[in-house]
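The values are calculated or read from the model by the stated rules, or taken from the named source; none is laboratory data. Bear in mind that the values here come from a model prediction, so they are computed numbers and not experimental data. Glycine also receives a Cβ, built like all others from the backbone with ideal geometry; neighbour counts cover every protein chain displayed.
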Amino acid sequence: MLQGPDVVLACPHCQSLARLFTVANPDPSGAVSWSDGYQEMPLTPAQPNLSRCKNCGKLMWVAECPPVGMIDENHPLPEHEEWKKLPYVEPVEEADYLEALKSGMAPEPERETELRVFAWWRANDRHRRNEGPGRYPQSPEAVENLERLVELLKDGEHEFVLFRAEALRQLGRFDEAQDILHGICSDYAIAREMLAGLIAKKSRDVEVLFSEPLTAGPQPFQEQVSEANA
């Protein structure tokens, strides 16, 4: 991965500044795609979509933070030295996404879906390096989030049908999950068959669907479909 210049953003609530990293040359080596649609790229971290201001403590959509400038090492400016002292915009956890939902930060269904998918992913993060059963959301808040997500994705496109089938599987609603897999087009056949196998085993656990080995050289960029669709 080749890091790009940092973008300086202002908090939409208190106007305090923070910086956001950019990536000039993404490297998908070692990418792992999970059954819940989350994709990790260990050499190319994803930018956060939601963050919490280090100054006022309020949650904010990163895309709605006004840009103030850019720290470009190739074209240094006097203010860059002060900007380099700024904290980075950091990702948030499951509880923060659930807080954003309760506070009305997602008035549109698309935004609500995004927050609920990310809350689901963060709930599953604690299980991604574990083995054995019980690797699925179990807290009342996580279950409620997943049940609402199932409703939101009811009329979605094919990639969202996969999300919905996986959410139903992790809720233990195996018959419903199996039924909707039949409506997924052949473009998603491999993922469909892998989910069907997990459903047949009555497994609710989050699992790795695809993985790529780490390589020494740069690889062609592969878009993180799951992040873009969320």
task: Take the range 90-147 and flag every residue that is of a type in the set (Gly, Ala, Ser) and exposed (fewer than 14 other Cβ atoms within 10 Å of the Cβ).
output: ALA95, SER103, GLY104, GLY132, GLY134, SER139
message: Consider the range 1-42. How many of its residues are closer than 30 Å to LEU195 by Cα and not in a strand (DSSP E or B)?
response: 12
statement: Of the residues in the range 43-84, those that are assigned to a loop (DSSP other than H, G, I, E, B) and either of a type in the set (Val, Ile, Thr) or modelled with pLDDT under 95 (or both) come to LEU43, THR44, PRO45, ALA46, GLN47, ASP72, GLU73, ASN74, HIS75, PRO76, LEU77, LYS84
- prompt: With ARG128, ARG192, ARG169, ARG164 as the choices, which residue is under 14 Å from GLY37 (Cβ atoms) and touching a strand residue (DSSP E or B) at 6+ places or on another chain (Cβ under 8 Å)?
  reply: ARG128
query: Is it the case that the range 128-143 has a residue that's aromatic (Phe, Trp, Tyr), in contact (Cβ under 8 Å) with a residue 24 or more places away in the chain and part of a helix (DSSP H, G or I)?
result: no
- prompt: How many residues are over 11 Å from ARG116 (Cα atoms) and in a helix (DSSP H, G or I) if we restrict to the range 144-160?
  reply: 4
Breaking point among (1) of a type outside the set (D, E, K, R); (2) at pLDDT 95 or above; (3) in contact with a Ser or Thr (Cβ under 9 Å, 6 or more places away or on another chain), for GLN15: (3)
- prompt: When the residues of the range 18-51 are filtered to those that are in contact with a helix residue (DSSP H, G or I) (Cβ under 7 Å, 6 or more places away or on another chain) and within 18 Å of GLU82 (Cβ to Cβ), which remaining residue is surrounded by the most Cβ atoms within 10 Å (Cβ to Cβ)?
  reply: ARG19
message: Can you go through GLU93, GLU108, GLU112 and tell me which one is more than 14 Å from GLU147 (Cα to Cα) and out of contact with any Asp or Glu (no Cβ under 9 Å at 6 or more places or on another chain)?
response: GLU108
Checking GLU114 against (1) in a loop (DSSP other than H, G, I, E, B); (2) within 17 Å of the chain's Cα centre (by Cα); (3) touching a residue at least 24 places away in the same chain (Cβ under 8 Å), the condition it does not meet: (1)
- request: Please state which of the following conditions ALA230 fails to meet, knowing it meets all the rest: (1) among the small types (Gly, Ala, Ser); (2) surrounded by 20 or more Cβ atoms within 10 Å (Cβ to Cβ); (3) at pLDDT 90 or above.
  value: (3)
